[in-house]
Each structure stands twice: as C-alpha cells, then as structure tokens.
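Some notes on the structure that comes next.
Quick note: the coordinates plus some simple rules give every number you see, no bench work behind them. Please read these numbers as outputs of a predicted model, since none were measured by experiment. Don't worry about glycine lacking a Cβ; one is built from the backbone with ideal geometry, like all the others, and counts go over all protein chains shown.
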Amino acid sequence: MKNYIPIFISEKTLNKINFGTFTASAMFIDISGFTSMTQALMGHGKEGAEVLSNIINNIFTPSIKKIYDNGGIVSTFAGDAFTAMFEAEKADYALRSAFEINKLFVDSGIVKTKFGEFELAVKIGLSHGEVEFGIIDTEVQKAYYFRGEAVDACAKSEHHAENMQIVADWKFIEKLTIQVERQLIDEHWFILTPKELDISPIEPVSNSQIAEEIEKHFVPDAVLNMKARGEFREIVSVFIGFEEGHNYEKSIKQVIQNTHAYGGYFNKIDFGDKGGVMLVIFGAPTGREKLYGRAADFALSLKEMLDFKFRVGISTGIAFCGIIGSDLRKEYTALGNVVNLSARLMMKTEPHEILTGPQIKSKLPSQYEFENKGLTEFKGFSDNIEIFSLRKKTASKQQLSYSGSFVGRKKEADELRNLIQPIYEDKFGGIIYIDGPAGIGKSRFIDNIVKNLDACGTFYLPCDEVLRKPFNPFEYFFKGYFEQSESLSKEENKTIFIRKYTGIVSQTQNEDIKSELIRTESIIGALIGLEWENSLYAQLDAKGRYENTIFAVKNFFLAQSLLAPLILIVENAPWIDTDSLTMIKVLTRNVGKFPFVIFALCRPNDDGTPYFLIGKEETEMTLNRFEIEPLDKEMMNELIRDRFSNDEIPEKTLEFMRDKSNGNPFFIEQLVLYLSENNLLDSTLNLVNEARSIPSGISQIIIARIDRLSAKMKETVKTASVLGREFTLAVLRKMLSSGNIDPDIEIDNLVSEGIKEQIWQNIKELSYIFKNTLIRDAVYEIQLKETLRSLHELAGSIIEELYSGEINQYCEELADHFDKAGNRNKAVEYLKKAASRAMDNYQNKKALILFDKLLVYLDKESEDTVRTLRKIGDILELTGKWEESLGTFRKALEVAETVSYSELKIECITDLSYLLNTQGKSDEAYELAIQAIETAEKISYENGTANALNVLGSIYLSKGDHSASINAFVRSSEIKEKLGDRKGVATALGNIGAVYNSKGDFEKALEFFTSQKKLSKEISDKLLYS
C-alpha cells in the first residue's frame, strides 16, 4: 500500500475530474519546538537527520490515524506541519480529531533520543468553508493542490494559537452541532478547550490501496520502488514562492516541465494564507551529475516565464531523503537544514529574485553572475549567513581553462597524433571516439593535445544533457566564434558578425564554397539570433530553413578546413540533440578531400556497450576508438605531487589517494581539495584522519551512475557494499535471498551485470572486489543507519551459519559486522576472539586496534576492562613502547582497585612490578613484588604468589643476588608443580638456568635448560622450547 497521494485525488483522477470545489472543515497542524530540535539533531550529522525522520513519523503516524478515523484526509505535508480536510457540512468530527491529536502531545510531548530530550507541542488551527482542488496534468508528471478560503483560514487560525492550543474561527464554530467551551481571543477567533466528545462513530476514510497505475503519474518509479525508508543524499533544494495570478495553473505546469527538463524532482505544491509555494529537489530520488548547474539553470529558466511572479531560495547539503507519514498517508521528501535554509532564503527575496547561500555560489563557475547581499540572520540558524542574488548566466566563449600541470599520458598522446595524420595530408580523418568513464580526463587530455598541435584549427561543440534544443552545440560555437555578447545590442552584435563573416569569405579560395558562404550568410546569422529583412532566411519556409541551416554549417566548416587542418571536438557526445546529430551525419558525407577530423568525447552506454554517434552500418568513413585508461601508479603519484605542489608526499597519503581514486584524475583532484579544506592533513601532509565522507563532485558522478541501474541491481550493489570492498558470492546470495530476489535464478545474473557495469570484478572463485573503493563507499554512505544496522546483523548471522567450522578465521569480520549492527554482546564476543587471535599471531598493530575497539564497549570499571588493559600493556611492552606500556599497566591497576576482585589486583601489581624491573627501576619493582606476594598469601591465591615470586626472582637477579633469585624461582616452581601448571614450571626452570648462567656455573645452567627443554617438548610449547 503506497498512499503517496490522497485517496480523494486518486478518485478524482480515476474519474478524470481535474478541477473542482467542495465544502470542508480544514485543519492546520504545526509542531512547536521542531525548529530547535532540528538544529540540535542536524548538528549530529546523518544520524541526527535519521533520528529526526523517526521522530516525525512517530508523531505523524498516530496523528494521521486520528484524522482518518474521523473521516478526514491529509491533503499536504509541509515539513513539521500538515493540513487535513474533512469533507462534511458539520465540523464535529474535525473537532474530535483536533482534541485527540492534542491529547497525543499531552501524553507524549517529551521526546527522548540518544542526543538528548526535546519538548514538542502542537498548535492547531481550524476553519470551515470552500476548498478548491486541482490536478495539474503534464506529459512528464501530474501534481495536485488544495487551496481556497478554508485552507487559508485554518492557517490564520493556527497563527493565533499558542503551544498546546486549538484555535478556530467563527466559520468553524458555526458548523458545530455540539457544545464546547471556548474563549474569544479576537473578533473572529476562539480558543477551544479539549474534552471527550460523545458523538456517534463515523466510517473512517477508506484505506483501500491506490492503484499504482494512477499513483505512478504523480510519483516517480524511483520512489514507488524504494525498499528502504530513505537515504542520505547530497541535494540542491529549490524553494519557489509565487503569487496566485489569473493563470497560475499554466505557470505550475511550466515549472513542472522545466523541473524535468533540468533533471530535478517536482516534490509538491502548497497553498496557505501567504500564497503558494513549490519545492523542487535536485539529487533525489535519482542522482544527477552537475547538480548545482542544473538547479541554477532551472531557477534562471523561471525568469523567462511570462506572467509568473516568483521568489526562489536555493541551498545545498546532505539531507535525509525518504518517506514521512504513515501507511494511511505518506510523502517522499527531503528533511534537514538544507531544505529549511532554502525556504528561509525564499522568504527574504524580492519578486523575481533568486537567493543562494555561499555553498551554491562557490560551486558554480564564473559564468554565473551573483550580487553579494551581505550577512543575514535567519530563524533557526545560530550564525548569520552570507547570501547572494543569482542574476544571470553568461555564455562561455571559450573552452574551460585548467589549473595545474598536465600529467603523464605521453604514450596515449603519441598514439592519438598518429590517428589524425590524414588531416595533414589534406584528407578527412573520420570520427575518433575519445572514450572513458566520467572524471577520467578526456577533455583535459584533448585540450593538452590540441594546444601542442602546429597549424591546426580547433572548434569546440559542447552538447548539453539538459538543453537539447535544435543545433545547440553549433549555436554555442557560433556565438563564441562571432563574439556575440548579451551586454551588447542586436545591432552591435550584428556588426561584429558581419565583420568576421566577411573576413572568412575573403579568405576562402574555393569559388563554389565562397559563393555558398555569401548565399547563406543570413542562415548562419539566424542560428545565433540575428535577422535581416528580405534575407534568404526570411524568405524560406520552415523546411527550407532547416535544410539550408544544415548545408550552410557544413559549408562553413569545409571552408575553415581549407584554411588550416581542422579538429571539431564534440564534447559529451551522448547528449547531442537529434538535429545536431543529423548535422554531423551530413557534415561527414563526401568530404574525403577536406582535412578535418571529429573527436567525439563519450563514455560507455549504461549497458557497457560502446557509444556511437553514427553506427558502423550507416557509414563507410573511418571510425576509430581511443580509450582513456586510468592513470598508473607513477602517473598518480606525479599528479598528487603536482596538485599539492609538494614533492615530499608521505607514502601513506599517496597510498590512500591511489586506493580511493583508482587512477581517476578528477577523483584525485577532488580528494586533494577535500583533504586540504577539511584539515585532514598535517603540515607534512600526513593523514591526520581518513576522509569519512566523499567529496560532493565524486559522489554525484557515482550516485548518478548507480541510480541508472535497475531496482534489483541497485539493491544488489547496496547490499554488497555492506560486506566491504571484497565480498563472497555465498554470503551475498543468502543476504539477497531474504528479500525479493530469487537466489537460484537472478543473483548470478546480477553479479555478472555488476562486472559488465564495471562496478566490481572477480578476484578468485566466487569472490569479488569493488573496482573502486569510492563506489563502495558512496553507495554505503547514502543508506540509513537503521538499514545498515539491519544488513550488518544479517551479514554477521549468515557468516556464522556458513563458516561455523572455521569461525576463528572470520572473527574480525564478524566483530566489525556486529559492531556496526549495534549488537553489543556479539561485537564484544568476536572482538575478544579477533584481538586475542591477532595477539597470538604477533599481529601487534592489528591487536592494539581491536583491543582499543573492545574497550569502547566494556564497562570502564569491570574485570574485562582490566584484562584487556593488561593485554594492551603486554603488546606495548613487547613492541618496545615502554612508557605507554607502563601507563597502561598503571591504568589497569587503578581500575582493578575499584573492582572487588583481589586476584585481578594482584596480577596487575605483578605486571607493573615486572615492567618496572625491565626498565631498571628495581627498587619500586621490588616493593610491588613483595606487596603482591603478601596479598596473594593472605587470600591463599597460590597462582598469584607463584607469578609474583617469578618476578621477584628476576628482580634479585638484576640486583646481583643470585641466591635470593634462585630461592624465589624454586618457590615459584614448587607452587606451579602443585597447581599442575607445567608451563609455569618450565618457565621457572629456564629462569633458574639463567641465574646459574649469570653466575658462571654453566654446567648447572645446562642442567636446568635441558630440563626446561624436555618439559617444553612434552607440553608442545614451541616458544619455550626455542
């Protein structure tokens, strides 16, 4: 059951009724304390946002039920508020619903979270009257709205309410058939006193499932197919306020169409007493590259709409993007400071103004013009925020410039130069596909190539994924070539055009081409918006203009190629519009003696197949494909050093960046910026902390790519990301089989699809590795904590089941899964085993990390903590970190003294005594050893006595008292013998041998060493034996 739209709207859609009115009681419900709670929780990052969404749903679910139980519907959500409608002549049931919702907050207004307690209250406004509904129908998406006097009036009533008050206007009061205590607070508004209402039951609003066939016209498939409750995504939030003009439905329709054209998601329309608002989201539920440019271009497109009075606020950041509400009524939306700020910005704007914060401005290129509006205070934000007014976007007249040196790829450059040799022999060079994934450096590589070519012209034809209007790349080129400027008048631009065009004609030697250039001057001019009365263009019909445009452009480029060999660079070729594609096909026909070549910059299709502008079967011209490979280790190191402007980069930092980037130059540059801007490197460029999140530019590319996968493939990748960079098919198969994927039929195909899509690769039989850690990390990070906890718990349980016979090999992996699942007991169990296993295998660094993790879980004053600290102390002592070891043993003793377990305290004293003696502090060591012996004897802890005697023997030996040393070791050996501790006996025998060896009595020493060796062999202790 989805219920993303009201059942009322579903029924009207089914009956093809797009507009109408009805009489209803309207209720506006606002949660007080929500803004401050949002600020507090968002300060805790993603987990805070997730807690926030849980709180909203926990509040909304019972409140929505009260509305539907009383015959109402939720019409619109608005963050921490929503509006409800009760279609009836009398207002009694709307009032009962309001009273019941008020009681919910009386009973549970205090919300307890891991980040503190928050007090929430409700304010309810009520009115009655006419409500207008509308269903905006476009080819790309339907949207709906409710507006009218009752909607506006219930919002006004809420404005008169204090916390935990219900305020109704006179229109509502008049529709009550029951008596209720009320207090007049203004001429038209009353505070109503809640009480139990004895009115007859009413049939609740039908909870029947809305037909998916209807719902899919309002809600995208990405939402309808969601398995999880939500995700964390980087988004751009665009809040639009607008005036309700005489034809606002037409304007809303245009906004929806523009939203889809620029790759956004039209989230909602809402009306209230302050006018209409719309929310548009970029980056969710489906990711796109170039989010900031898309959102800015979309906002600027609103300025071109006639009779549309709007105000826009834009902000960007990480948000919870998911479902709020309940099964009765829900909505997909975005929550967090990013949305709140865009709404606040919108309220600060002037008509037809677009306001942004500093993040948006900093992420857009210089062709976007801003006006600094200074620091501004916003409700709900503790610091003043610098805001900017987005004025316009100017046309870029040249190829983007690049910072930093071009690194490597000499071999590739030589190969490409060989491929274009025909143009230096007055021949057509065909199409060369410059192929590679996003960020691999195709444009930068080509830019470096053409800069170093002699006597060669280069023209850039950039294709735009959004603005696929006819001949768009050619229009872009000609505007730049003929120096057209928005700051100049039409006549000034025309003068510049004529001057340059005349120059081209005069240079052209081929008379046929020259004649055609003269004939089609107005055709080329029209392509960039220049017109002449009675010109050829003006006299032609639509078909004639189209055909002449294609041949005029072809003739222009042929003329240019005869002046100098020419390279046409089609950037982002897969985004080319159909008319421009036709232009390319015509341009490449019968041109064998014209020296030009086309570089088509592209990436593989989503299914992994190569992209073609023109299929091989459509042409006989030369088609070459030049694949840009990831940088090798040497080139990566060179690029990293160049971008840091430092030749002395620590190997660990280089290794981190190589591992994360997988040879992608754009990823490397983004990582350099991210590490520097977030102070993750010290003065010598050592990593202080590894990056916990992924730079936004990289994340956009990866998530946009993942979102293009099928729903089941996307679920497979998300699940695999939980298993780490490497995963086994056996575990993944069982994890996916718990969902809606057939483990016997589909999983093998999905894993194969992942290989084809370059997401992972096979490393050994039935084991796979993500090709890039950033892919794994990006997919992992967008998932909610509750989803990840559930998946980690599932992974841990499956590994236990599959590998029960060899579980020790998986202890570390299991500890990690149960740690992230929040399963404390299991995490502790496997952390202990994993840490001890690492310690036993002398993997000291790993053991220290695991023991430190274990300490986080343990009670600070517990026996487990003491034992763990002792093991950490042993490892530190073993690795020569004497001072750290000493501090750890002292800490262990300090904790042991708080634990009512004397034996453990004795062991800690003995540990400390031993370490002090090894550091030459024999006097302090002696006092502690005696203390340990006396305490152990007092409580008859014989093993403790024997261990302390063993240390005491070593102390005497260091002091040169051989007799006392032998006596202590002999006593220790006797107690160990009595206890049956043969290893302890062997240790004591070896120590006695060492004393005799120190005395120079080698015969006696050999006797004890031989006895130790014999006993060690019997008990199979290789360490003592050696």
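Of all DSSP beta bridges located in the chain, what percent are antiparallel, nearest 5? Here the antiparallel bridges make up roughly 75 percent for the chain.
The Kirkwood hydrodynamic radius of the chain, based on inverse pair distances between different Cα atoms, is 34.7 Å.
Secondary-structure-derived ellipticity at 222 nm for the chain, considering helices only, amounts to -15500 deg cm²/dmol, per-run term -39500 (n - 2.57) for DSSP H runs with n ≥ 4.
Over all other residues within a Cβ to Cβ distance under 10 Å of Ala121, the charged ones net out to -2, with Lys and Arg as +1 and Asp and Glu as -1. Listed peptides 912-920, 801-809, 670-678, 301-309 appear in the order 912-920, 670-678, 301-309, 801-809 once ranked by packing, highest mean of other Cβ atoms within 10 Å at the front. Between the alpha-carbon centres of the stretch 619-691 and the stretch 766-827 there is a gap of 29 Å.
Toward the positive end of the charge dipole of the chain, with +1 on the Cβ of Lys and Arg and -1 on the Cβ of Asp and Glu, the farthest Cα among Ser683, Gly503, Val717 is that of Gly503. Segment Lys593..Tyr546, full-extension length gain: 14.3 nm, with 0.36 nm per residue of separation and the alpha-carbon distance subtracted.
Only lysines eight or more places from Lys490 in sequence, or on another chain, were considered; those with a Cα closer than 24 Å are Lys303, Lys392, Lys393, Lys397, Lys469, Lys479, Lys500.
Peptide packing for 534-542, 167-175 was compared via the average number of neighbouring C-beta atoms within 10 Å per residue; ordered from the highest value, the list is 167-175, 534-542.
Straightening the chain between Asp632 and Ser1020 buys 134.7 nm, computed as 0.36 nm per residue apart minus the Cα-Cα spacing. A dipole drawn for the chain from +1 and -1 charges on Cβ atoms has a positive end, and of Leu461, Tyr941, Ala994 the residue lying farthest that way is Leu461.
Model label points for Glu651 and Lys379, set 7 angstrom from Cα along the Cα-to-Cβ axis, are 5.9 nm apart. The protection proxy used here, the mean number of other Cβ atoms lying within 10 Å of each residue, ranks peptides 950-957, 862-869 as follows, highest first: 950-957, 862-869. Between Ile755 and Lys881, the distance separating the two model label sites (each 7 Å from Cα on the Cα→Cβ line) works out to 4.3 nm.
May I ask for the net charge around Phe82, where only other residues with Cβ less than 14 Å from the Cβ of Phe82 are counted and Lys, Arg are +1 while Asp, Glu are -1? With Lys, Arg at +1 and Asp, Glu at -1, the net is +1.
With R₀ fixed at 41 Å, the C-beta to C-beta distance from His246 to Arg519 puts the FRET efficiency at about 0.30. Normalised by the number of residues in the stretch 7-212, the average gap of Cα pairs under 8 Å and 6 or more apart makes the relative contact order 27 percent. If only the Cβ of Lys and Arg carry +1 and only the Cβ of Asp and Glu carry -1, the dipole of the chain around its Cα centre is close to 1300 debye. In this calculation the C-beta distance from Lys921 to Phe1002 is compared with R0 = 25 Å, giving a FRET efficiency of 0.25. Backbone N atoms of the stretch 885-920 closer than 19 Å to the 7 Å Cα→Cβ label point of Lys959 belong to residues 909-920. Net charge dipole, the stretch 201-338: roughly 400 debye, given to the nearest 20, about the Cα centre with Cβ charges of +1 for Lys and Arg and -1 for Asp and Glu. With neighbour counts taken as other beta-carbon atoms within 10 Å, the residues Cys602, Cys154, Cys456 rank, fewest first, as Cys456, Cys602, Cys154. A dipole drawn for the chain from +1 and -1 charges on Cβ atoms has a positive end, and of Thr259, Ile191, Asn624 the residue lying farthest that way is Asn624. Projecting label points 7 angstrom from Cα along Cα→Cβ for Lys112 and Ala413 puts them 6.7 nm apart. Extension gain, Asn825 to Leu488, is 114.0 nm, computed as 0.36 nm per intervening residue step minus the present C-alpha separation. Rounded to the nearest 20, the Cβ-based charge dipole of the stretch 428-627 about its Cα centre (Lys and Arg +1, Asp and Glu -1) stands at 340 debye.
The Cβ shell under 14 Å around Leu766 holds other residues with a net charge of 0, Lys and Arg each +1, Asp and Glu each -1. Excluding same-chain neighbours fewer than eight residues apart, the lysines reachable from Lys983 by a Cα-Cα span under 17 Å are Lys1013, Lys1014, Lys1017, Lys1022.
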